[in-house]
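To start, the structure itself, in structure tokens.
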Amino acid sequence: MMKKESSSKNGGENGEGNERVRTAETLMRVVPMGLCLTALVVMLRNSESNDYGSLSYSDLGAFRYLVHVNGICAGYSLLSAVIAAMPRPPTMSRAWTFFVLDQVLTYAILAAGAVSTEVLYLAYKGDAAITWSSACGSFGGFCHKATASVAITLAAAACYAVLSLMSSYRLFSRFDAPVPCTSKGIEIPAFQG
């Protein structure tokens, strides 16, 4: 659990380089917040009524999941942007926290986008094998708004994928692998054969 001894990796040459990296990371964490909030609002306002009945996002579990995940990701993006903007020295616990949360939320928002895409496909095309008829012929406005929300969510998922790569690079390039200690206080290499 030691820091690697390299001034270039720690950004020790100048504070200006650290400031630019911190600003870039903060902006990269704010962008998915805007995307998630936009997708959230579009889906929350998505409902349509006509002669065939009414349809709302809350009628479909995949779209409810999409709304919840977008809300959670927007909140996390705001909180992580605030923390990333603070000029503090990097710690291993902070790097691990960002790494784990970035990974979890990347997979959560990717899953929300994927399952919503599948529901949209069924809404547009239907599935004769299970007697599921297409709904977008009757509820076109609903389908267009849902498509926009899913597309924005997938763009946010791409941003989270980039954040995951950034946080993993920062963690694994800045800190060594942990070395376990025996009960006698002797360090043992972590990967013995």
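Taken together, the values in this text are just the output of simple stated rules run on the coordinates, not laboratory data. Everything numeric here is computed off the predicted structure, so don't read it as measured data. A quick note on method: Cβ atoms are made from the backbone with ideal geometry, for glycine too, and the neighbour counts reach across all protein chains shown.
A few remarks follow.
- Separation of the Ala158 and Tyr107 label points, Cα + 7 Å toward Cβ, nm: 2.3
- Debye-sum result for region 25-174 in log10 I(q)/I(0), which assumes one identical scatterer on each alpha carbon, at q = 0.10, 0.19 Å⁻¹: -0.41, -1.02
- Largest-first principal axis extents, alpha carbons of region 90-150, Å: 55, 25, 8
- Tyr107, Tyr52 arranged by Cβ crowding within 10 Å, fewest neighbours leading: Tyr52, Tyr107
- The value given for region 54-110 is a Kirkwood hydrodynamic radius of 13.1 Å, derived from the mean inverse Cα-Cα separation.
- Spin-label model distance (nm) - His68 vs Asp51, 7 Å beyond Cα toward Cβ: 3.7
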